[in-house]
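The values are calculated or read from the model by the stated rules, or taken from the named source; none is laboratory data. The structure presented is a predicted model; accordingly, all values stated were derived computationally and were not measured. Methodologically, a virtual Cβ is constructed for each residue, glycine included, from the backbone with ideal geometry; neighbour enumeration extends over all protein chains shown.
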Amino acid sequence: MREGLFQEGENRVLRPPSTALVIFGATGDLTQRKLLPALYNLARDGYLPAEFIIIGASRSQLSDTEFRDRTKKSIAEFSRTSLDEELWSSFESRLFYQPTDGTVENDFVQLRQRIEHLEVQKNESFNLLFYLATSPNHFSPIVKNLHHVGLGKQLVGGPKSSVLVVEKPFGFDVPSATKLNDELQRYFAEQQIFRIDHYLGKETVQNILVFRFANGIFEPLWSREHIDHIQISVCESIGVGSRASYFDQSGILRDIVQNHLLQMLALVCIEPPYSLSSPDSIRDEKVKVLRSIRRFTPETVRSECLRAQYVQGFVDGELVPGYLDEQGIAKGSHTETYA
């Protein structure tokens with residue numbers, strides 16, 4: 001076994017106790033392109049608990065072996081580091097798969113039984129981390145069924161913890177986001193719920209605060225007297241891929257602009273927080289920025305905003321289909337891919 005594998009990292013960070021990470025949407029784009037390669041690299045750097053298992057959960061009927069094979073291909077293609085066979089041999093032993101339909105309570109009974117079986121097999125009592133990497137319309141039935149089979153709020157204060165991680169987008173609009181928030185809090189306590197935006201984990205985004213507030217050269221110049229305007233662009237070379245059913249209902253404004261780009265805007269524009277080590281302090285300053293943004297009116301939407309779709313063309317010399325030709329996109333769809 002490679003030295004440091006599931007051991008202390010070089011920086012001696014405090015690692016969590018034994019944990020079972022259950023990823024809903026395990027066969028989806030976010031999990032395969034981002035989450036699993038990131039977990040592999042955490043293992044490589046020695047930042048995972050000694051007993052850390054990953055249970056993929058989705059509607060696809062896969063065996064453990066099939067899920068591991070799929071994950072290996074994803075890591076080989078998308079990991080920031082090359083696939084190490086010795087590391088992979090240890091990492092794949094932590095990978096399991098449980099077919100789970102988010103709307104079927106009996107599937108969650110079987111999921112709980114699988115967790116309990118693995119606890120017996122490994123002689124561990126796992127803390128539970130449920131990661132919702134699915135379309136937002138699946139959030140409510142998933143948390144409801146987790147609660148109904150005893151994997152939710154009743155674990156608060158018990159011998160082990162249960163945590164819920166919710167990916168963006170959080171609802172379709174303000175009313176649906178409010179409704180979703182109420183439903184999450186009905187089945188999980190607030191201290192168990194983590195609403196996240198994975199863009200904040202990107203190295204470039206994390207470096208914005210350091211670049212601004214730890215740099216005596218730039219921060220004094222970071223004002224309207226010295227900056228004419230700020231332009232934030234997110235340019236991607238990939239199409240919708242396997243996300244067609246979700247994306248065609250969402251569009252680029254909801255998928256990127258109202259979450260990822262607003263988070264970046266807030267970090268670029270905030271006043272110095274009271275403490276860079278205080279999440280609440282940074283959050284409060286970001287809220288001030290968001291509240292100061294001028295609201296669009298029907299008139300400014302017509303005069304200042306542009307929506308479009310990508311068409312057939314070439315990316316890196318390879319012919320790619322237009323949005324309306326992508327598999328799973330509704331005929332005549334008006335969903336924007338550019339804004």
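Entry remark, segment 187-207: residues being under 17 Å from V268 (Cα atoms) and either at pLDDT 90 or above or not in a helix (DSSP H, G or I) (or both) number 2 in total.
Here the condition is being touching a strand residue (DSSP E or B) at 6+ places or on another chain (Cβ under 7 Å) and among the acidic types (D, E); of E219, E183, E167, it holds for E167 alone. Filter segment 66-107 down to the residues that are among the basic types (K, R), touching a residue at least 12 places away in the same chain (Cβ under 8 Å) and over 13 Å from N41 (Cα atoms) and list them by number. Within segment 66-107, R68, R70, R94 qualify. Taken together, G241, G251, G332 contain a single residue that is touching an Asp or Glu at 6+ places or on another chain (Cβ under 8 Å), surrounded by fewer than 16 Cβ atoms within 10 Å (Cβ to Cβ) and outside the structural domain of N137 (by TED's automatic domain parsing), which is G241. Every test in (1) within 30 Å of G317 (Cα to Cα); (2) charged (D, E, K, R); (3) free of Cβ contacts under 8 Å to residues at least 60 places away in the same chain is passed by D248 save one, and that test is (3). Scan segment 15-31 residue by residue and report those that are in contact with an Asp or Glu (Cβ under 9 Å, 6 or more places away or on another chain), buried (at least 21 other Cβ atoms within 10 Å of the Cβ) and under 24 Å from E77 (Cβ atoms). Across segment 15-31, the qualifying residue is only G25. Quick check on segment 228-240. Is at least one of its residues of a type in the set (S, T, Y), in contact (Cβ under 8 Å) with a residue 12 or more places away in the chain and within 22 Å of V174 (Cα to Cα)? No, every residue in segment 228-240 fails to be of a type in the set (S, T, Y), in contact (Cβ under 8 Å) with a residue 12 or more places away in the chain and within 22 Å of V174 (Cα to Cα).
Look at segment 310-334: where a residue is more than 15 Å from E236 (Cα to Cα) and a partner is of a type in the set (F, W, Y) and surrounded by 16 or more Cβ atoms within 10 Å (Cβ to Cβ), sitting 6+ places away or on another chain with Cβ atoms under 7 Å, you get I329/Y323. Taken over segment 281-303, the criterion of being touching a Pro at 6+ places or on another chain (Cβ under 9 Å) and of a type in the set (D, E) is satisfied by D284, E285.
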